[in-house]
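The structure under discussion appears below in the form of structure tokens.
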Amino acid sequence: MSGSEPLDYTGAIAVIGMAGRFPGAPDIGSFWQNLKNGVESISRFSDDELLAAGVDPALLRSSCYVKAGGCMEGAELFDAAFFGFAAREAEYTDPQHRVFLECSWEALEHAGYCPEGSGGAIGVFAGCSMNTYFI
């Protein structure tokens, strides 16, 4: 290319907003600070805490069982009405799904887009992991 031809952006995408919620970090800014500062965000659990959470006592006796995990705060604070859910429906919706909806909206806000009046296609790429919340 000589630099005089127009670039073809057909089918191109642009990542312009980001959101996330992580153990020890309610947003991407906090997550970055934790990374920069070497903050450990994994929680260690006592046998009593794990038993109360329903972990099998035989599993706790195993030397292979790791009594630690990432706990995410605020998973129970879902605003059902904002997302058009009845309170009972939100109660039965997987916490990971509720957090996904919240993060999707936060990503749109971070990008400066309102989905109702965008005039074009808007998409949210998301990833998640196994649901292991301790609330």
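The values are calculated or read from the model by the stated rules, or taken from the named source; none is laboratory data. On a predicted model such as this, the values are computed, not experimentally measured, just so you know. As a convention, Cβ positions derive from the backbone with ideal geometry for all residues, glycine included, and neighbour counts pool all protein chains shown. Ligands, DNA and RNA are stripped out before the accessible areas are found, and what is left, the full protein with its side chains, is counted by its heavy atoms. Shrake-Rupley method; radii C 1.70, N 1.55, O 1.52, S 1.80 Å.
Are any residues in region 88-103 part of a helix (DSSP H, G or I), under 22 Å from A25 (Cβ atoms) and open to solvent by 60 Å² or more (accessible area, probe 1.4 Å), and if so, which ones?
Hits for region 88-103 are H97, F100.
Any residue that is more than 30 Å from A12 (Cα to Cα), surrounded by fewer than 10 Cβ atoms within 10 Å (Cβ to Cβ) and more than 19 Å from the chain's Cα centre (by Cα) - is there at least one of those in region 122-130? Can you show your working first?
So the first thing to find is which residues in region 122-130 are more than 30 Å from A12 (Cα to Cα), and the list is 130.
From the residues that got through so far, the ones that are surrounded by fewer than 10 Cβ atoms within 10 Å (Cβ to Cβ) too are 130.
From what's left, more than 19 Å from the chain's Cα centre (by Cα): none.
So far as region 122-130 goes, no, none of its residues is more than 30 Å from A12 (Cα to Cα), surrounded by fewer than 10 Cβ atoms within 10 Å (Cβ to Cβ) and more than 19 Å from the chain's Cα centre (by Cα).
State which residue is most open to solvent (accessible area, probe 1.4 Å) when the search covers only region 63-85 and only residues that are part of a loop (DSSP other than H, G, I, E, B) and closer than 15 Å to F45 by Cβ.
V66
If I ask for residues that are aromatic (F, W, Y) and farther than 20 Å from G17 by Cβ, which ones from region 72-131 would you list?
Listed by number, the residues that qualify are F78, F85, Y92.
Applying the selection to region 10-55, what residues are at pLDDT below 90, within 27 Å of W105 (Cβ to Cβ) and open to solvent by 80 Å² or more (accessible area, probe 1.4 Å)?
I13, V15, I16, listed by residue number.
Can you name the number of the only condition in (1) open to solvent by 40 Å² or more (accessible area, probe 1.4 Å); (2) at pLDDT 90 or above; (3) part of a loop (DSSP other than H, G, I, E, B) that E106 fails?
(3)
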